[in-house]
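Report on one structure; see the data block that follows.
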Amino acid sequence: MIRVSGLRKRFGKSEILKGISFEVPPQTVLGVMGPSGSGKSTLLRCLNGLETISGGTIECDNVRLEANISHADYRRRVKDLRLKVGTVFQGFHLFPHLSVLANIIEAPTHVLRTPKKKAETEALELLESVGLAGAAKRFPGSLSGGEQQRVAIARALAMHPALLLLDEPTSALDPRRIHSLRTLLRTFVERGHTMLIISHSMGFLGGVADNILFMEGGSVVEHGPTDQVLNSPRDARTKDFLEQAD
Amino acid sequence: MAKTTLPEKYTCHKEAQEAQRILRIRLCLLCFFAALIAAILCLVSACPVRAQQQPLRWGADPSGGAPYIFTDPANPDRYIGYEKEMVDALAAAMNRRAEFVPSDWQTLVSALQRKSFDVIVNGLEPTGDRAQQILFSKPYYIFQLQLTVRADDNRISSLADCKNRVVATLGNTAASRLLQQEHVPFRSYEDPVGAYRDLELKRIDAVLMDVPAEAFYARPNPKLKPAGPPFTKGQYVIGLRKGDDALKAEVDQAIDKIIKDGTLETILKKWGLWNDAQVEFETPIRSGTEAASNIEYTTTNATFNWSEALWRLTRAAGVTVFIALGAMVIAILFGLPLALGQWKGPAWLRAFCTLYVEFFRGTPVLVQLLFLYFGLPVIGIAMPGWLTALVGLGLNYAAYESQVYRAALEAIPNGQWEAAYSLGMSPTLAFRRIILPQAFRIALPPMTNDFVSLFKDTSVAFAISVWELATAYRELANASGQFLLLGLAVSAFYLIMSLPMAHLARLLERRLSNRAAERMVDDAEPLEVSA
């Protein structure tokens, strides 16, 4: 689970995130929507520590990241935060020089110092569960986009994150693949995982998210259960966006 | 309609302009070639005229060539030396004008053969090898050899004490052949200055040199002393092209004349080179008791030995490999930190690295080596030649490597760093495990390229008297005249060294980059979504 309150991010003089607050309860999926430039990607990069936050707090399990603490302290906490938050990037960013199996066990063996045998067993189980049991020895370059995405999910989950972030997971998939990704993600939620998914696709989020957060101009416009936000949005801007989309 | 014709007219005009331009260029080219042909014709027609009208063109190596011929320190635009004065006297006796052609000791014989000048006057000794290639005049001077050591060195008093030490001498001289015969390890130098300097710097243990050079360079130096008396006797003669018998007769006569009328004695006395050996040599000629023409040169019995030459080439190739590999290690060890400093370092480090790279890329490696070899001893760092070459080439190539590495590192997309960070990796771990292996793959082809050219660049080490392959070629070929065969042999050595490396790198490259593709062909099974 994760709790974000009053999160701000400035780049020079322009403020991209103007005090964002929300919470993702355990074993649920939060879908984040919003027009381009609304700050969705910056939010994601703050949550996994790739951007330094300018204000507010991010709490995940027992890690609490906040602005205005000493540099060394901040770095330490970012390191801890990254261990709690897993990310599946829009471009996947698999390591092309490593096999699928090596991609997955790289961080567990070198960061968590899990014994190699144990890490491999876990990795093979994960590959099985994302439907790529036979691909362990293949290299990322020989996989399709959908297959790469599932390796990226397995790689992130191998670190046992408290929260899994997915950035535009449907952008590279055809409709059939989108459907099976939705099924896959729901299976992982059933098994106890918590997720935050950024997506433009209402159809996809409607089938996978428990709650929807709608952002515009760096602020939260609307936040509520999926049904409510998608079917009877309270804010005019959400309504506008939904009418134009899909 | 009017609108469409306008551009047509315009292009017509342009075409005409273009045609005019081409015509002008052709005219210029024509003029240029006409002038060139005229110039060549002039030169060609001038040649026979000059052969008739006879300045005596003589070749010698003036660099470090005192007291034979050298640049006048008081008047650096002029050459002086006892042989200069002697040739002037000879030319006067021949009713000619002497014309000096500065040349290089190692290539004197080949330069004579390709008609750069007509005679060699450079303390040349008649050897069997040379006798096969050129004609010799009568002798004009009797030289001896002198061993020199450091003034505080009492270990060496004769050549016999040098068996396990390193003795320096000039390449392809009587001294170098004697050392070779006696199996004394030696290093060849281009000029006496370098040899005596290295003796002072303790890079070598002794110098064996002809007395004239020794008298000029070593005797006035208080840090050096002669080891034992001068020994062996040899003759200096003038070298001529085969078939130039008329000129030989003319030269022989002139030599007789300046010996008989005492001109040569005056010159030698002036330069402090008149000694008992000269008295013994000149007296019979001057008294006429011995017909001057009966004195024939005696050849040193050194002839060219192919198996020994190949063995020397093999050892030289070993030195080349050693220097190249050592330089490579330095280039890699220094190149990576330089690349990192220039890429991610703080401003001062970036500036330093850029300065380093620009300095070593922007100045010739030859100048860098000369600086390291001759310049650094001034501040007390005197490295032996092979180490200088190794370090110099290493530092030079580090600059090139750093640019290859930097380009390779920058080619790795930022997403790789972010993916590694988001998995909890530290910057060093991400660099070591994720970025570096990928960058290595990109850097491999240009690295191979650089290292093959490093193998060849070791040849600049000849400038600092390192006995590597190029030096060996120059020296052996000059001693034997076998430029073609030895050249082929040396090329073969270079290829034997560089081809396997290129091949190895290609294999590695293929293994790294085709791995993914190979897998796809090997076990491509359709993977269906199962979840």
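The values are calculated or read from the model by the stated rules, or taken from the named source; none is laboratory data. In this text the structure is predicted, and so the values were computed from the model without any measurement. Note that we place each Cβ from the backbone using ideal geometry, even for glycine, and neighbour counts take in every protein chain shown.
For the range A:54-62, check the following and say yes or no: at least one residue is under 17 Å from residue B:421 (Cα atoms), within 14 Å of chain B (Cβ to nearest Cβ) and either among the β-branched types (Val, Ile, Thr) or touching a helix residue (DSSP H, G or I) at 6+ places or on another chain (Cβ under 9 Å) (or both). Before the answer, list the steps.
Taking the range A:54-62 first, the residues under 17 Å from residue B:421 (Cα atoms) are none.
No.
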Is it the case that the range A:132-153 has a residue that's in contact with a Leu (Cβ under 7 Å, 6 or more places away or on another chain), of a type outside the set (Lys, Arg), part of a loop (DSSP other than H, G, I, E, B) and touching a residue at least 24 places away in the same chain (Cβ under 8 Å)?
yes
Sort out which residues of the range B:228-270 are surrounded by fewer than 15 Cβ atoms within 10 Å (Cβ to Cβ) and in a helix (DSSP H, G or I), and write them in order of number.
B:245, B:246, B:249, B:266, B:269, B:270
Conditions (1) surrounded by fewer than 17 Cβ atoms within 10 Å (Cβ to Cβ); (2) in a helix (DSSP H, G or I); (3) more than 14 Å from chain B (Cβ to nearest Cβ); number of the one not met by residue A:43
(1)
Among the helices (runs of 4 or more DSSP H) lying completely within the range B:460-531, list those that include at least 2 residues that are under 30 Å from residue A:145 (Cβ atoms), within 14 Å of another protein chain (Cβ to nearest Cβ) and modelled with pLDDT under 80.
B:483-513, B:515-522
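In this structure, is residue A:197 assigned to a helix (DSSP H, G or I), crowded, with 22+ Cβ neighbours inside 10 Å and in contact (Cβ under 8 Å) with a residue 24 or more places away in the chain? Steps first, please.
Working: assigned to a helix (DSSP H, G or I): no; crowded, with 22+ Cβ neighbours inside 10 Å: yes; in contact (Cβ under 8 Å) with a residue 24 or more places away in the chain: yes.
No.
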Looking at (1) in contact with a helix residue (DSSP H, G or I) (Cβ under 7 Å, 6 or more places away or on another chain); (2) in contact (Cβ under 8 Å) with a residue 40 or more places away in the chain, which is the one condition that is false for residue B:322?
(1)
Can you list residue pairs whose Cβ atoms sit under 6 Å apart, with the first residue in the range A:17-34 being in contact (Cβ under 8 Å) with a residue 24 or more places away in the chain and the second being small (Gly, Ala, Ser) and surrounded by 18 or more Cβ atoms within 10 Å (Cβ to Cβ)? Count only pairs 6 or more apart in sequence or on different chains.
A:17/A:39; A:17/A:218; A:18/A:218; A:29/A:209; A:31/A:209
Search the range B:53-90 for residues being over 20 Å from residue B:192 (Cα atoms) and among the polar types (S, T, N, Q), and hand back the single one that is surrounded by the most Cβ atoms within 10 Å (Cβ to Cβ).
B:54
Please tell me if residue A:34 is more than 22 Å from residue A:157 (Cβ to Cβ) and more than 17 Å from the chain's Cα centre (by Cα).
no
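If you take the residues in the range A:136-168 that are more than 26 Å from residue A:29 (Cβ to Cβ) and facing chain B (nearest Cβ under 8 Å), which one is surrounded by the fewest Cβ atoms within 10 Å (Cβ to Cβ)?
Applying the first criterion (more than 26 Å from residue A:29 (Cβ to Cβ)) to the range A:136-168 yields A:136-142.
Narrowing further to those that are facing chain B (nearest Cβ under 8 Å): A:137-142.
Details: A:137: 12, A:138: 23, A:139: 22, A:140: 21, A:141: 15, A:142: 20.
Checking each candidate, the answer is A:137.
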